[in-house]
Amino acid sequence: MINIRLEEDGAFVEIKKNKVSTWKKVSVEDIVAALTKSIGKRVSATPEPSPVLPPGTIGYIKYPDNPKHYTVVMHQNAIRGSIEYCDRPYDNIGIPASIWKFEVIENRLYRTDVWAITQETKIMRPEVPLYCFPFYNVDSTGKLCMGANNVKIEAPWELFKAPGTIMAMPSTRAYPFRNNAGLDGDSLFRNLQGIDFPDNWLVPANKTLGQILNN
């Protein structure tokens with residue numbers, strides 16, 4: 001085992017001889033060179049720049065084993081929009097503020113998770129509670145069922161269009177609608193026409209923003 005100590009005036013390496021430890025001062029460059037040689041890879045001191053990310057991005061996760069594999073976590077404000085449910089269109093529907101988690105592999109949207117948050121949440125902190133998204137074929141874990149729909153994403157910034165693309169897709173009742181109003185299917189959308197989605201209708205998902213950023 002090699003012990004290295006970094007201090008303001010340099011780096012020190014512990015040398016043990018006959019159970020007696022002494023510390024030898026070495027340059028940081030020498031340590032980097034030794035570590036590089038030991039692992040057989042070139043250690044770059046140049047920081048890797050972030051790609052351009054979509055508006056509302058909260059987190060960006062890159063996977064080192066594949067440069068075309070990444071996750072973007074985004075926030076979207078509460079809006080009024082159109083929804084097609086079982087071939088029946090509904091306009092001016094109150095859609096809650098939301099957190100979207102997009103996983104992209106090889107320029108394809110591989111997985112989408114979505115949760116609701118309350119409208120009063122203005123600052124995105126790790127402890128922000130998440131709620132079950134009340135429609136869009138979302139299961140209890142937050143995973144969105146997209147069926148055979150295939151969304152191509154050439155670069156992370158293009159994910160700004162993903163929520164709108166998903167909202168425009170026809171929706172069915174693949175999973176139970178989760179809300180505290182006891183409404184389901186058409187009755188839910190009829191009651192949401194012309195109003196914002198009430199925060200007190202949201203059902204807790206028993207997880208926080210920080211948990212989905214770290215998992």
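The values are calculated or read from the model by the stated rules, or taken from the named source; none is laboratory data. Here the structure is a predicted model, which is why all the values come from computation and not from measurement. Methodologically, a virtual Cβ is constructed for each residue, glycine included, from the backbone with ideal geometry; neighbour enumeration extends over all protein chains shown.
Residues are listed down the side, and each one gets a yes or a no for (1) among the hydrophobic types (A, V, I, L, M, F, W, C); (2) modelled with pLDDT of 95 or more:
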site: P163; (1), (2): no, no
site: F189; (1), (2): yes, no
site: P198; (1), (2): no, yes
site: W201; (1), (2): yes, yes
site: A205; (1), (2): yes, yes
site: T208; (1), (2): no, yes
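Tell me whether the stretch 77-89 contains one or more residues that are surrounded by 15 or more Cβ atoms within 10 Å (Cβ to Cβ), within 19 Å of E154 (Cβ to Cβ) and assigned by TED's automatic domain parsing to the domain that holds D196. Within the stretch 77-89, not a single residue is surrounded by 15 or more Cβ atoms within 10 Å (Cβ to Cβ), within 19 Å of E154 (Cβ to Cβ) and assigned by TED's automatic domain parsing to the domain that holds D196. Before we move on, is Y136 in the same structural domain as A162 (by TED's automatic domain parsing), at positive phi and touching a residue at least 24 places away in the same chain (Cβ under 8 Å)? It is true that Y136 is in the same structural domain as A162 (by TED's automatic domain parsing), at positive phi and touching a residue at least 24 places away in the same chain (Cβ under 8 Å). Within the stretch 159-180, can one find any residue that is in contact with a Pro (Cβ under 9 Å, 6 or more places away or on another chain), loosely packed, with under 13 Cβ neighbours inside 10 Å and among the hydrophobic types (A, V, I, L, M, F, W, C)? No, that holds for no residue.
So that you can scan it fast, the table gives a plain yes or no per residue for (1) in contact with a Phe, Trp or Tyr (Cβ under 8 Å, 6 or more places away or on another chain); (2) closer than 25 Å to D196 by Cα; (3) not in a loop (DSSP other than H, G, I, E, B):
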| site | (1), (2), (3) |
| --- | --- |
| V114 | yes, yes, yes |
| K122 | no, yes, no |
| R125 | no, yes, no |
| L130 | yes, yes, yes |
| Y136 | no, yes, no |
| A148 | no, no, no |
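Taking the numbered list (1) assigned to a loop (DSSP other than H, G, I, E, B); (2) crowded, with 16+ Cβ neighbours inside 10 Å in turn, T46 passes all entries but (2).
Can you pull out every residue in the stretch 95-112 that is surrounded by fewer than 20 Cβ atoms within 10 Å (Cβ to Cβ) and either in contact (Cβ under 8 Å) with a residue 12 or more places away in the chain or under 18 Å from A168 (Cβ atoms) (or both)? Residues satisfying the conditions are E103, I105, E106, N107, R108, R111. Within the stretch 87-107, one or more residues are under 21 Å from the mean Cα position of the chain (by Cα) and acidic (D, E).
Residue pairs whose Cβ atoms lie under 8 Å apart, separated by 6 or more positions or on different chains, with the first residue in the stretch 162-180 and assigned by TED's automatic domain parsing to the domain that holds D91 and the second surrounded by 15 or more Cβ atoms within 10 Å (Cβ to Cβ) and assigned to a helix (DSSP H, G or I), are F177/L188; N179/L188; N179/W201; N180/W201. So, in the stretch 74-103, of the ones that are of a type in the set (K, R) and touching a strand residue (DSSP E or B) at 6+ places or on another chain (Cβ under 9 Å), which residue ends up modelled with the highest pLDDT? Only one residue tops the list, namely K101.
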